[in-house]
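Notes follow once the structure below has been shown.
The values are calculated or read from the model by the stated rules, or taken from the named source; none is laboratory data. Just so it is clear, the model here is predicted, and its values are computed rather than measured. A quick note on method: Cβ atoms are made from the backbone with ideal geometry, for glycine too, and the neighbour counts reach across all protein chains shown. Remember, those area values only see protein heavy atoms, side chains included, never the ligands or the DNA or RNA. Shrake-Rupley method; radii C 1.70, N 1.55, O 1.52, S 1.80 Å.
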Amino acid sequence: KPSAELETMINKSFGSIDEMKSAFEARAAPGALFGSGWVWICVNAAGNELKLVGTPNQDNPLMKGVADEVMFPILGLDVWEHAYYLKYQNRRPEYVSNWWNVVNWDKVSENFAYVVEKKSGVPVRG
């Protein structure tokens, strides 16, 4: 479950967590994001709103020109076929729906708190 702060921002930005999940799943649908890519939950540059972003191939919301503004991802879903084909074949919507069962909301909440405080992307450890 998301932290209280993240849940408040989800509700402010999307209405509810269920509405966010529905919008996210629509962004991840084969017709919405053709071929390979990612779907992201991002914090906007001001740190006061969550947005969903779909990117093709290896693009991400930190790159200038991908969206209206540079945004900071707090959660990303790989929708390249290699991520789901062995188990789900061409059933991407089923993969996305089941993916919510393994989301680490503690880590997503930690990412959210970092981005809101620092107004920058979460560092990646190698």
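Observations, loosely collected:
- Scanning region 38-81 for residues that are of a type in the set (G, A, S) and on the phi < 0 side of the Ramachandran plot yields A45, A46, G54, A67, G76.
- Single unsatisfied condition, I41 versus (1) modelled with pLDDT under 85; (2) under 26 Å from D106 (Cα atoms): (1)
- Filter result for V96 (assigned to a loop (DSSP other than H, G, I, E, B) and either open to solvent by 70 Å² or more (accessible area, probe 1.4 Å) or more than 18 Å from E7 (Cα to Cα) (or both)): no
- So G35, is it of a type in the set (G, A, S) and under 20 Å from N90 (Cβ atoms): yes
- When residues of region 27-37 are limited to those that are open to solvent by less than 60 Å² (accessible area, probe 1.4 Å) and of a type in the set (A, V, I, L, M), the one nearest to E110 (Cα to Cα): A28
- Qualifying positions in region 99-112 - in a helix (DSSP H, G or I) and surrounded by 14 or more Cβ atoms within 10 Å (Cβ to Cβ): W99, W105, V108, S109, E110, N111, F112
- Filter result for E81 (at pLDDT 95 or above, open to solvent by 80 Å² or more (accessible area, probe 1.4 Å) and over 14 Å from the mean Cα position of the chain (by Cα)): no
- V122 being surrounded by 15 or more Cβ atoms within 10 Å (Cβ to Cβ), part of a loop (DSSP other than H, G, I, E, B) and either among the basic types (K, R) or at negative phi (or both): yes
Matching residues to (1) in a loop (DSSP other than H, G, I, E, B); (2) open to solvent by less than 30 Å² (accessible area, probe 1.4 Å):
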residue	(1), (2)
P2	yes, yes
E5	no, no
D18	no, no
A23	no, no
V39	no, yes
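- Some residue of region 55-69 being within 20 Å of V103 (Cβ to Cβ) and either hydrophobic (A, V, I, L, M, F, W, C) or touching a His at 6+ places or on another chain (Cβ under 7 Å) (or both): no
- V96 being within 25 Å of P123 (Cβ to Cβ), in contact (Cβ under 8 Å) with a residue 12 or more places away in the chain and not hydroxyl-bearing (S, T, Y): no
- Scanning region 47-57 for residues that are without any contact (Cβ under 8 Å) to a residue 40 or more places away in the chain and loosely packed, with under 15 Cβ neighbours inside 10 Å yields N48, P56, N57.
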